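Laboratory data are not the source of any read-out in this text; all were calculated from the coordinates shown. All of these numbers come straight from a predicted model, not from anything done at the bench. FYI the Cβ positions are ideal-geometry reconstructions off the backbone, even for glycines, and counts take in every protein chain you see.
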Amino acid sequence: MMNGKKRMVLSAGVFAAMVSLVLAGVLAGCSSSPKPARPAPGKADLPEWYLNPAAVYPDDVYLTAVGTGDTRRAAEQQAMAGLSQIFEANIQVDMTTQERYRDIVTAQGDFSEAEVELAQTTSVQSAQRLTNVQMGEAAVDESGRVHAIAYIERLPTGRLYVDLIEKNAAQVASFLTQADASDNLIREYAYVSAAWIIASGNELLRDQLRIIAPSMGQMVQLPYSYDSLIQRRTDIASGMRVSISITGDTGDRVEGVVRQALGEERFPVSATDPVLRVTGRVQVEPIELTSDFESARWVLNLDVAGPDGSSIVSYDDQGRSSAVTTESAIAFAYRDIQAAVKNNFVSRLRGYFDGLVLGD
């Protein structure tokens, strides 16, 4: 490690801060003379890395953040949070996209352990989890508060980012080549969607690299245009027409949430020459469970068929809900159904497209 710094070493003892203040005292009796007073607390004995981090961890070599807490663990967590705030991303990547990015990247099998860790920990939350973070020394001040410093070495961490960005870029290019060679719209969409997922993760990595090692960030060249990739995905999705037919769906409450979920994928809902067909059944009925509450049982079956009519995704779920009145129990049942569609059915559909890519 550079400059002989030790990792995770606590400076023992309590540091008594001294300040040179002299107070005039009046002695009893006829005479008086100056007497040194007890020094007031200060920062004189705190380590240099706390008083001036850049003097010990030069800015051109390290990114640093100092944290303070009642315990060493609390101080280190605050220091880590301070580093994370430096990396608050300007781009927006939702949690689902992050999860799909990690799944696709780590499924490729040709990444180093450090690269897999980086892919799995990169996020865009306000308290981002980072890689290659090391904890330096810690110190305790005169009040018993603990101070700790966290740091990232710019160059070795930047090289790790560059390697992963370049591997991701090669994977994006490969997916786009396979999309060009696809013999049907569904497979083309699957490959373009996967390319967009990896490229979105790469944008976040590049955003962080510009902070870690700006010169490295300027040198990275991508074999694709991220904006063009977004547009291509949108254009292909607009051709993925989907028809919806669900029996037992009073007030089209389930169809409405299915339609909304497909809209988030940019799939238009149309009964005219659909590429995908969603059919299903929903059943909600009152049941007797206890005399204290009214209850309702619900059953949901959804199936997605491809252009040839064969099933590509099946989703079955059931549950029950309770409330003071039967009407409320039924309303809660529909709420649970809608949550199941948003969280589980759509995830199953996305998994199908990702599976087409990962299965090759």
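For the stretch 314-360 versus the stretch 240-291, the inter-centroid distance based on Cα atoms is 11 Å.
Just need the relative contact order of the stretch 240-358 here, percent rounded to a whole number, with Cα pairs under 8 Å and 6+ apart.
Working: 220 pairs, mean separation 27.2, N = 119.
Computed value for the stretch 240-358: 23 percent relative contact order.
Within 13 Å, Cβ to Cβ, of residue 267, how many net charges do the neighbouring residues add up to if Lys/Arg are +1 and Asp/Glu are -1?
Summing Lys/Arg as +1 and Asp/Glu as -1 gives +3.
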